[in-house]
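Working notes for the structure below.
Readers should treat all values here as calculations from the given coordinates under stated rules, not as data from a laboratory. Fair warning: this is a prediction, and the values are worked out from it, not measured in the lab. Glycine also receives a Cβ, built like all others from the backbone with ideal geometry; neighbour counts cover every protein chain displayed.
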Amino acid sequence: MSLKKEVEKLNAKKKKVLSALGENEGKASVKEIQDFTGLSHSAIMRAGLGLEESNFLKIRDKSREKIAITEEGTYYLEKSLPERKILRILAEKKSLPISKVPEEAEISEKKVGIAIGWIKRKQWGEIEEKNGEKVLKITEKGKKSVNNKEGDELLLEKFKGSEEIFVDDISEDLKSKISTLKSRNLIRTEEVKKRELKLTERGQRAIDLDLEVRKRVSRLSSELIRTGRWKEVKLREYNVTAPTPKVCPGKEHPQRRIIEELRSILLRMGFEEITGPIVESEFWNFDALFQAQNHPAREIHDTLSLLKPDRADIPDEELLNRVKKAHEEGVAGSTGWGYEFDKDVSHRTILRSQTTADTVRYLAKKPEPPVKVFCIDKVFRRERIDYQHLAEFPQAEGIVMAKELNFENMLGYLKQILVEMGIPKIRFRPGYFPYTEPSAEADGYFPERDEWIELLGAGMFRPELLEPLGIEQPVLAWGIGFSRIAMIRMGIEDMRDLHNNDIEWLEDQPLG
Amino acid sequence: MPTIEIDLSDLNRLLDKKFTLSELENPLKNLGIEIEGKTSEGYIKLEVHHDRPDLWGVEGVARALKGYLDIETGAPKYRIENPLIKLEVDPALRDTRPVAVMGQIRNANFEDESLKALMDLQEKLHDILGRNREKISIGAYEIGDIEPPIRYTTIKPDEEGFVPLNFDEKLTPREILEKHPKGRKYGHLIKEADRYPLLVSSDGHVLSMPPIINSEKCRLTKKAENVGVDVTGTDEKIARRALKVIMAAAAERGFEIHSVEVERPDGKIVTPDLTAATKSFELRRANKKLGLNIDPKKASKIMERMRYDVLEIDEENISVEIPFYRFDLMHEVDIFEDLAIGYGYDNLEPLLPSLEITGKPHRMQKVCEVARRTLTGLGFMEVMPYLLTSPELNFDQMGTSGEAVEIENPISKEYSILRTWLVPGLMEVLEENKLHKLPQRIFEVGDVVILDEKSETGAINIKRAAAASIGEDIDFTYIRSVAEALLREFNMDLNVESFKHPSFLEERTAKFTVNGEIQGFVGEVHPEVITNFDLEHPVAAFEIDLPR
C-alpha cells in the first residue's frame, strides 16, 4: 500500500494527532497535543500507539527533576536561616554565649544545635570556652559573610514567588546546593515524567503528502515579509500565556530615587541647591555653628577625625576671632559657653558630620537676602554599621534668610515640605538642636501604621551663630530625617539597604 | 537624646492626680518630651532633651507637668536649710579629681520607686553631664550612723580598703579596680594616679571611692532618712549643676534638703547654691521672633506655667526669675522658646511668607543626572557603595598604590580611608553578586576624594562616573562604546590614546583626553585583579571625570 493510501485510511483521531505534530514542528507532549486537538489523554495515547506501530512516530518518556519548597523551607525563606540570624547578632556583638542564642536569635531550643552546627560548617563562627561557658565567636569568614549570602540561601530565595522550580532552570553554582537544602529538609525533589510524541521520517513524509496541512513556520522572517510568502504559510501559534525570560531595565538606586524626590520637591519650593567639601575643618563643622568645643558630638567616638590631611586653613582670621569670642564670653547678649576656645581645634580636619557645615559656609559669603538654599550631601559618623546605624548617609537640609522671618514662618516651611511629600496630617513639637532656638520637630501622621513619625527638625539659627558671620537677618534652618523618609517612601527598614548593591534586590525594587 | 524610664504611678503620686498615659501624651509632647514606649517591666520610656538635665528624672518631669497643667505654677518654692555637716577637701586631690560639692537630705521617706528614680537620675547625670563619670561622679549614701565631718581625701592603691557595694569582703583599692564590675568599667579614670580619691567619715568609715563605687556599709536603702549626696570630679560648673538637679528632685518629693559647708584648700563655700538669676526681656522682641501677639498679662501667665516667677511686668518689659535648675538659658531667644512652648506649639499657625525666589539645581547635579540617565538607558544598574573604604580595596586588590584621605579613629580597617576612585567599589559589588546571572552591568556616579594641598581643607571631592561589566562576551570594544556614548552626551571633543594602568590589561586600555588633559580611562580588567576579587569571568570598566 502506498504511503498516501495508508494515510488516507487513518482514522480521524490518528490524523488529528499527526497533524498536531506537524503543526508543532514534529514533536509535542501529550499535554500539548491535548491543547491542540481537544482529544482526551487516553484517545491520544491509543492513536499514538497505533501510529507508533505503523512507524509514523515514536513515543518517548522524558523526565525532569523538580524541586519544591517544604513548609520549613518557606518559614526560613521568610525569616532567614537560623545560622544567618545568629551571624547577624555575632556581627554586632562579636561573641555570644551559647546559652543566650535561643533568646537573642529567637530560635527554638531544639534548633539551636543544628543552627550552631551550620555556623561551624560554614566557618562563620567558632566555639570557645570562656569562664566555663561556651561562647560563639565570629570568624573572619563570618564577618565577610554578614553582607554576602551563600549559595544555599540564594537557592532558597529562588522560591520567592514560586513554589516549585525545575533543576535545569538553575545555574550550575546553585545546583550543587540542592543536596544541602534537601538534607536540611527545606526542599524536596521529585521526578516529573513527560511523555513526548515525535514524528519519524516516515511520519514527516506522510504529513508532507497531505496537501491540506499548510506548512507551519515559527518565525516571521524578513524574507517572508519581503516575498509576500507570509500569506502562504501558517505561523505557529504561540502559547502567549507561557512564562517569558526575565529582563530588567537599568535603574537608579533606591537611595538615589529618594534623594531625587527630595531634590525635586525642594527645587519646586524655590530652593537653590548648594554643596560643600567632604573633608571639613572643625571650624565650619562645629565652631561656626556655636557648638562648644567640649560638646559630646565632637568627641573622638562620634566624629571621624583625620590623619591626612591633618590641618585645614581658615581663610578669615577675623571671623575665627569673632567665633572664639562668641564661644568664650558670648555675643549679642548671650552668656556664651564660658570656656577657653582653642584655635588649634578649629584647624583640625574631620569628615563632615552635618550638612549645616555647607549652609554656614554659604552664609559666611554674606549672600544678598532673600535667600533659600538647600543641600543633600553625605555626612559621616563614627558608628558601627547595623540595621539602624550607618557610618555615612545622606542628609538634606536647607535655610531661608530674609528680612522679616519668624518662628511661625519656620513652621510654614515645614508644613509645605510635608504637604509636598503627600503627608497632610502633621504636628509640631519643641525640639533641641545646639545651634537653633527656638527649635521644633515636625511629625507626620501615617494612618496605615496609626503612628506619628518624626520627619523634620528645624529652628532659627542662634544669634551667637549669626552675629560672628555678620548676618543681620533671621535665618530659618531645617533638616530632613533621611532614614525616616527612606522607610516611608521605599519601605526601607534596614538602613544598610541604602547601600544594598545586590543586583537581584535592585532588580526587584519597583520604580513605580 | 537621653531616654529615661519612669513609673506612671510614681509620676501620678508626684502630681497628686490620677492620669492615664494617654491623657499625658499630649502635654508631654507639647513640653518636648516624647513617649518612646514601655519597657518589659512596665516602665514608661521618655525621650527628653539633651540641654535639660532637670528633666532627666521623674521628679523634674512632674515639676514641668505641674506647671503646664496649671497644677502648680511659678518657680518651685523649695526651702534649703542651713548646713548641719561639713565636707573637708584634701589638697592632695589637686592633681586628680579636685572638685567636690555636697548636699544633705533629711527626713527622707523613700519607697522602692522613688529610690530607683534617684539612682536612675544619678546614672543619667553620670553618663551625660559627667561624660561617663570622667567629669563628675555622684555618690548618695546613708549617713545616719557615721560621724561628720566627712573628708574628701586620698588612699593608696594597696592600702587596707573597704567592702565595696554588693561585695561581702574587704578589697584594697587596687583590687576594687580589678575585681569589681564598676572598677573594671571606670577604673581607667584613676588608675594612673598614685592615690585614689576617697570619701571617709571622721570615725573612719569609708563612704565611697569616687568615681568608682560606694561602700557596702553606707548603702542607700529605702529605710534611709539621712542621706548625703556628693558630687566630685574635675569640672566644678558641672558638679554644681548636677548637685542642684539632684537636690531639686529630692525637694520635689517633699524631702527636707540642707546645704553642706565645703572646706576647700582655697576657702569655704556652701553648696548647693539655689539662688535664682533674674532676666528681663522686651515682649515686643519675643512676639516678633515668634510671629505672635501675646499681651503682657498672658505672657506673664505663660511664663508662670513654664515655672518662672514673674518679678515685674509692664507694657514693654517682663522681668523673670530663672529657676535655679535651668542651665540652658544663655540668651533671650532661649526664654522666647519657653514662651512659645507655654503658648503651645499646637496653637502656632504655620505661615508661609511669600519670597519671590525660583529654585535652581546645582550645576554638577545636572551633569550627574545626564550621566545616570545615559547609563541606565544602556541597561546599567546604579549601585551605591560607601565612600569609606580600605587601602586593601582601593589600592592593593587593584594592583595600584597611592595616597588617600586617612582616618585617625576608624571604627574598623574596612572603613579607614576615603576612596580615590570608583572602579574598586564596582569590583567589590561584582564580587558580592558572583552568584547572580551573567552578564552584569553596573555603574556609579559619585564623589571621590583626592588630597590637594592647595585646597582649604587639604582635600577636594570630585564627581566621577564609572561603569563595569562582567560576562563571557564582555570586552574592550563593548565598554569603550559605552564610555563614548556617555561622553558624547557631554559634547566633549575627545581624543582616545593607548594607556597603561596596572589594574587593566596592557594593550587593551585607553585613555580619553580633552585638550591634552586626561578625562578618564577604559579597559579590560587585568586577570590578576579579577581573581583578587574571586571572580571568574572577563570584566571591563571605565571611569571618567564629569565635566565641571
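Listed values, structure above:
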| read-out | value |
| --- | --- |
| Loop-resident sites, the range A:261-341, for GluC sites (Glu not before Pro), counting at most 15 other Cβ within 10 Å (DSSP) | A:299, A:329, A:340 |
| Euclidean distance of C-alpha centroids, the range A:178-201 and the range A:281-301, integer Å | 65 Å |
| For the range A:454-509, alpha-carbon Rg relative to the globular expectation (2.2 N^0.38 Å, N residues) | 1.80 |
| Shielding by other protein chains, B:25-33, mean Cβ within 10 Å | 3 |
| Rg/Rg_globular for the protein assembly as shown, with Rg_globular taken as 2.2 N^0.38 Å and Rg from C-alpha atoms | 1.19 |
| Student exercise, the protein assembly as shown dipole from Lys, Arg, Asp, Glu Cβ charges, in Debye to nearest 20 | 4880 debye |
| Inter-part distance where the range A:312-327 and the range B:458-499 are each reduced to a Cα centre, Å | 43 Å |
| 20 °C / 1.002 mPa s Stokes-Einstein diffusion coefficient of chain A, Kirkwood radius on C-alpha pairs, µm²/s | 72 µm²/s |
| Number of partner chain Cβ atoms within 10 Å, mean per residue of A:311-318 | 2 |
| The range B:354-402-the range A:425-496 distance, computed between alpha-carbon centres (Å) | 27 Å |
| Quarter of Cα convex hull surface for chain B, i.e. mean projection, nm² | 35.7 nm² |
| Kirkwood-based shape ratio for the range B:263-340, expressed as Rg/Rh from alpha carbons | 1.12 |
| Shielding of B:371-382 by partner chains, average beta-carbon count, 10 Å | 4 |
| For the range A:34-181, the Rg and Dmax computed from alpha carbons only, in angstrom | 24.0, 83 |
| Gyration tensor (alpha-carbon) shape descriptor, the range B:203-265, a/c threshold 1.5 | oblate |
| Under 15 Å, Cβ to Cβ, from residue B:314 - net charge with Lys/Arg +1 and Asp/Glu -1 | -1 |
| Local net charge near residue A:97, Cβ-Cβ under 15 Å (Lys/Arg +1, Asp/Glu -1) | -2 |
| Where Rh is the Kirkwood radius over Cα pairs, Rg/Rh for the range A:175-277 | 1.30 |
| Whether the range B:162-208 is rounded, prolate or oblate, judged on the alpha carbon gyration tensor where a/c under 1.5 counts as rounded | oblate |
| Estimated [θ] at 222 nm from DSSP helical runs (n ≥ 4, -39500 (n - 2.57)) normalised by residues in chain B, nearest 500 | -8000 deg cm²/dmol |
| Relative packing of peptides A:103-116, B:133-146, B:426-439 - highest average C-beta neighbours within 10 Å first | B:133-146, B:426-439, A:103-116 |
| Shape call, the range B:448-540: gyration tensor on alpha carbons, a/c limit 1.5 | oblate |
| At 0.890 mPa s and 25 °C, Stokes diffusion of the range B:122-223 via Kirkwood alpha-carbon radius, µm² per second | 179 µm²/s |
| Å³ per residue enclosed by the Cα convex hull of the range A:314-458 | 157 Å³ |
| Computed helical MRE - 222 nm, chain A, DSSP H runs ≥ 4 contributing -39500 (n - 2.57), nearest 500 | -10500 deg cm²/dmol |
| Net charge over other residues, Cβ less than 13 angstrom from the Cβ of residue B:252 (K, R count +1; D, E count -1) | +2 |
| Dipole moment magnitude, nearest 20 debye, the range A:167-247 about Cα centre, only Lys, Arg, Asp, Glu C-beta charged | 100 debye |
